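This report refers to the structure that appears directly beneath it.
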Amino acid sequence: MIGRIKSPLRDLYHELKLISYIVKSKFNPVPTHNKLNVYLDSFLMNSDMGRFSFIFCQYLKFCGFGLSVKIDKAFISRLAPPYKKLFLQQNYKLVRQCQAKENTVEWVSPVGKRKWLEIAYGYRFIGTVEEGAFYMPFPLHPKFYIKQISSDDLHLFRSQKRNVLVFFAGNFDSRLYNRDVLKENFNGTVSRINALRYIRGRFDEPAELEFVKEPGRLHELLEAGAKKIVLSEARTPGEQWLSILGKAHFFLCLPGVRMPWSHNAIESMAVGTIPIIQYGSLFTPPLEHMKNAVCYTNENELGEVLSELFTMSEQEIAKLRSNVISYYEQYLSAEQIVGKLSAFFSSDETTLKVIIPFLEDPVK
């Protein structure tokens, strides 16, 4: 009986909350002559993967459009994911009903001309090449899209003195980063925990590797210099992250929880820190070993490439770094993504297919 009472009350609460957000958003300045109608499905909006919907909407905003975005009670009922709070802080107009079809973005020009972005996602698109489609690259963390980050913004981080040879910082929780789902979806991927365990076993001399837990010690290493591998679980302020990344020559781009991609790989490339990566083949176009990445396919290869870095010359590292920055600017930066989307809206084409290959396939 209690459960039956609670459920209607809960639904009513979410309904009222939904209405309040929609009403508040009516005061957001969204010009009717330059507005996009956005309708993304419940998976894209309501799961943790919805962080990519926020980033995609920001790309559209950076193109100069106002956005009218469909939301529902499912979106409102679970606001814990940080990306949802970022989403609600934007000046989007929120609506319950949308003119666009599901997984499309519709634009109606002042003279009545219509254009559509058609959104498709799933691992089935990995390695495919659809002519005329735009493959959305894996992004930085959502917090870096609150405003558009540019090459000028990144130049300061890229030009820092680099005092650490190889760096990794992140979550070491084995309950998250050694789950079977990663192996099931991407067979052969070395999990974050297994990679860290292997590295700590192979490089056991203090001159080769240091494991850091305290922010103070991490700061000493980043400032004083250490031609070694530094693995850190020290908690540091988020606003310092890109600066910290930019003080290393190489970054260990270890996999995420459910998939190989992780925001830290893109963030390292953004500041010119060379990625050490197993899943370079999943980039579009693929990363190339010793051209714009240091690639490996298994634990033994990871150990070998790390050993080689200790003897690499400054000139070789500088060339790699230059190529990494060029790759980021050409394929990963917000500027080039916004440029491609803007070019479509300025063209005579009526439809552009946007493919997101790093999200799970839709449930049938």
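About its Cα centre, the chain has a charge dipole of approximately 1720 debye under the convention of +1 per Lys or Arg Cβ and -1 per Asp or Glu Cβ, with nothing else charged. Charge tally for residue 83 (other residues, Cβ to Cβ under 10 Å; Lys, Arg +1; Asp, Glu -1): +3. So which residue, out of 347, 109, 159, gets the largest mean-square fluctuation from a GNM of the chain using Cα contacts under 10 Å as springs? Among 347, 109, 159, the largest GNM mean-square fluctuation belongs to 347.
Here the 3J(HN,Hα) profile of region 149-155, calculated from phi with Karplus coefficients 6.51, -1.76 and 1.60 at θ = phi - 60°, is 8, 10, 4, 5, 5, 7, 4 Hz, Gly and Pro shown as x. Where q = 0.07, 0.09, 0.14, 0.15 Å⁻¹, what log10 of I(q)/I(0) comes from the Debye formula for the chain, counting one point per Cα? With no solvent term, the Cα-only Debye profile gives -0.35, -0.57, -1.20, -1.32. Diagonalising the gyration tensor over the Cα atoms of region 79-119 and scaling each eigenvalue by 5 before taking the square root yields semi-axes of 26, 12, 9 Å, largest first. DSSP finds beta bridges in the chain, and of those with both partners inside it, around 20 percent are antiparallel. To the nearest ten degrees, helix 51-62 and the longest principal axis of the Cα atoms of the chain are 70 degrees apart.
Once you divide the Cα radius of gyration of region 22-110 by 2.2 N^0.38 Å, the number left is 0.99. Normalised Debye scattering of region 61-141 at q = 0.16, 0.17 Å⁻¹ gives log10 I(q)/I(0) of -0.89, -1.00, counting only Cα atoms as equal scatterers and leaving out solvent.
Cross-link partners of residue 227 among lysines, defined as those whose alpha carbon lies under 20 angstrom from its own and excluding same-chain residues fewer than eight positions apart: 161, 213, 247, 319. Between helix 215-224 and the chain there is an angle of about 60 degrees, using the helix long axis and the longest principal axis of the Cα atoms. With the dipole of the chain worked out from charges on the C-beta (+1 for Lys and Arg, -1 for Asp and Glu) around the Cα centre, which of 69, 142, 313 lies farthest toward the positive end? Highest projection toward the positive end goes to 69. Among the trypsin sites (Lys or Arg not before Pro) found in region 70-135, those both in a DSSP coil and sparsely packed, with 10 or fewer other Cβ atoms within 10 Å of their Cβ, are 113. Rounded if a/c is under 1.5, else prolate if a/b beats b/c, else oblate: with a ≥ b ≥ c from the C-alpha gyration tensor eigenvalues square-rooted, which is region 160-332? Rounded.
Compared with the dominant principal axis of the Cα atoms in the chain, helix 334-346 is inclined by about 30°. Just list whichever of 61/85; 35/70; 26/70; 61/291; 143/228; 17/61 have alpha carbons separated by over 23 Å in the model shown. Distance filter (> 23 Å) returns 61/291; 143/228; 17/61. In the chain, a dipole from Cβ-located charges (positive for Lys and Arg, negative for Asp and Glu) runs towards its positive end, and of 91, 127, 322 it is 91 whose Cα lies farthest in that direction.
Every number here is computed from the coordinates shown, using simple stated rules; none is lab data. Predicted model, so just to flag it, every value in this text is computed and none were measured. So basically every Cβ, Gly included, is an ideal-geometry build from the backbone, and we count neighbours across all protein chains shown.
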